[in-house]
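Written out below as structure tokens is the structure these notes cover.
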Amino acid sequence: MPAKVPPAAQYRFWWNTCWENNCQKRTIAAPSGCRNGPSRAVVVSVQIKASMTRIDFYILSSDQPQQADIFACRLAEKAYRNGLRVLLAVDNQARAEHLDQLLWTFREDSFLPHANQANGEQAAIEINCGEDPQAHHGLLINLCSKVPNWFSRFERLAEIVVQETSALQRSRSRFGHFRDRGYPLQSHKINQSM
């Protein structure tokens, strides 16, 4: 008499995992009803979003803090044109209002639909003063003195660095913090001619 095999042992599963475009693709192969091995395999491909936020450091050649705001507008425009939702995080309402004006005026031929989250408004580009980011999960452009606690909800985080002593120290500290935790990091040197 053949030995009884528990139902769970009748099937074997094979997992094959690879990474592509910051998404984990997992292929699952399971035999279809054969106890001694697969006569036919059922293959299912599952795509899982990577849980790690990609972090980009944009290192500006300027030492003027207002250049970070102008570059943030340019970066928001590029992301918006590529179909991403953008959240600009700032420390206070005064800076939010300044950024709101700048998004209207930084380029004469450009219109960027934007809103301030503090006013309960929604748009493709939103300005945040520390509130919960709600439905945003695309690009976070951090203009805050600290990294928001909820940054890991986003696919991407942009840190803009100007050549000013305190800003450089902050960015070095953040870079080390993210590197030590295994976040994917990229640095981009930006030569601005404004």
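The values are calculated or read from the model by the stated rules, or taken from the named source; none is laboratory data. Every value quoted in this text rests on a predicted model; they were computed, and no experiment measured them. Backbone-built Cβ (ideal geometry, glycine too); neighbour counts: all protein chains shown. Surface areas here come from the heavy atoms of the whole protein model, side chains and all, with no ligands, DNA or RNA. Shrake-Rupley method; radii C 1.70, N 1.55, O 1.52, S 1.80 Å.
Things worth noting here:
- Mean separation of Cα contacts under 8 Å (6+ apart) over length of the stretch 112-162, as relative contact order %: 26
- Rolling a 1.4 Å probe across all protein chains gives GLU97 an accessible area of roughly 110 Å².
- Neighbourhood charge, 10 Å Cβ-Cβ cut-off, centred on PHE154 and excluding it, Lys, Arg +1 and Asp, Glu -1: +3
- Label point distance in nm, HIS188-LEU168, each placed 7 Å from Cα along Cα→Cβ: 2.2
- What the phi angles of the stretch 89-100 give under the Karplus curve with 6.51, -1.76 and 1.60, with θ = phi - 60°, is a coupling list of 9, 10, 7, 8, 5, 4, 5, 4, 5, 4, 5, 4 Hz, glycine and proline written as x.
- All-pairs Cα distance distribution in the stretch 102-177, expressed in whole percent, bin size 10 Å: 16, 43, 33, 8
- Amide H contacts of ILE190 (H built 1.01 Å from N, in plane; Pro and chain starts excluded): ILE59, LEU60, SER61 sit under 5 Å, all sequence-distant by 5 or more or on other chains.
- Radius 15 Å from Cβ of GLN101, net charge of other residues (Lys, Arg +1; Asp, Glu -1): -2
- Dipole magnitude of the stretch 108-194, debye to nearest 20 (Cβ charges: Lys/Arg +1, Asp/Glu -1, about Cα centre): 620
- Accessible area in the full protein assembly, largest first, 1.4 Å probe, for ARG174, ARG54, ARG179: ARG179, ARG54, ARG174
- Looking at the stretch 68-113, the chymotrypsin sites (Phe, Trp or Tyr not before Pro) that sit in a DSSP loop and have at most 12 other Cβ atoms within 10 Å of their own Cβ are PHE111.
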